[in-house]
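Worksheet: one structure, shown below.
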Amino acid sequence: MLDSLLTLQANQVVLLLVSVCSVLALLMSLYHSWLLVKQNRQQVLTNRCLQEDMRALSKSAIGMGQKVLNTERKLAQVLKKQTSLTNTQSEHPSYDQADSLIAMGATEDDLVHSCGFSHGEAELLLSLKRHTHSVSSHVH
């Protein structure tokens, strides 16, 4: 009978130990479950922040792209105008201006200051004009 009593108590002890282990396992699984829920919440918040940042970056990139396109359009217009102006202007505007000034009696210094010629260029233009004038007056 003592053996059966000891066996019964041993069975109860084993049952008690198994129960305690089960409770501990349950508590650990509840704790880990709580940790997972907490991590999930943090990941959801992080994901939302990243999505907002991505939207802001996308809008920013779209705006920058539009600005670049506008700038390229304006540059193309400016280049077109520049080409148009270059093609419509005479090849040597300063020579045309110098010719007009010489006809009005300009001096070498006048040509240097008004047209941006060097003194040698201005002197050459004046002598050419005098030579052309003297040749045309001898022909008539």
Ranking M54, Q66, M104 by how far each Cα lies towards the positive end of the charge dipole of the chain (+1 on Lys and Arg Cβ, -1 on Asp and Glu Cβ), the top one is M54
Relative contact order as a percentage, the chain, C-alpha pairs under 8 Å and 6+ apart, gives 11 percent
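How large is Rg over Rh for segment 1-63, taking Rg from the Cα atoms and Rh as the Kirkwood inverse mean of 1/r across Cα pairs? Please report the intermediate quantities before stating the final value.
Working: Rg = 27.0 Å, Rh = 16.4 Å.
Taking Rh as the inverse mean 1/r over Cα pairs, Rg/Rh reads 1.65.
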In Å, the Kirkwood hydrodynamic radius from C-alpha pairs for the chain sits at 25.7 Å
Ordered by fewest other Cβ atoms within 10 Å, a rough proxy for footprinting exposure, I102, I62 read I62, I102
Stretched fully, the stretch from A10 through L45 gains (0.36 nm per residue minus C-alpha distance, one decimal, in nm) 7.4 nm
In whole angstrom, the spacing between the Cα centers of segment 13-69 and segment 78-132 equals 79 Å
Helix 119-139 sits off the longest principal axis of the Cα atoms of the chain, rounded to the nearest 10 on a 0 to 90 degree scale, by 40 degrees
Once the in-chain neighbours fewer than 8 apart are removed, the lysines whose Cα is under 25 Å from K67 read K59, K80, K81
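Where a number appears in this text, it was derived from the coordinates with a stated rule and is not lab data. Please read these numbers as outputs of a predicted model, since none were measured by experiment. Positions of Cβ are generated from backbone atoms using ideal geometry, with glycine treated the same way; all protein chains shown enter the neighbour counts.
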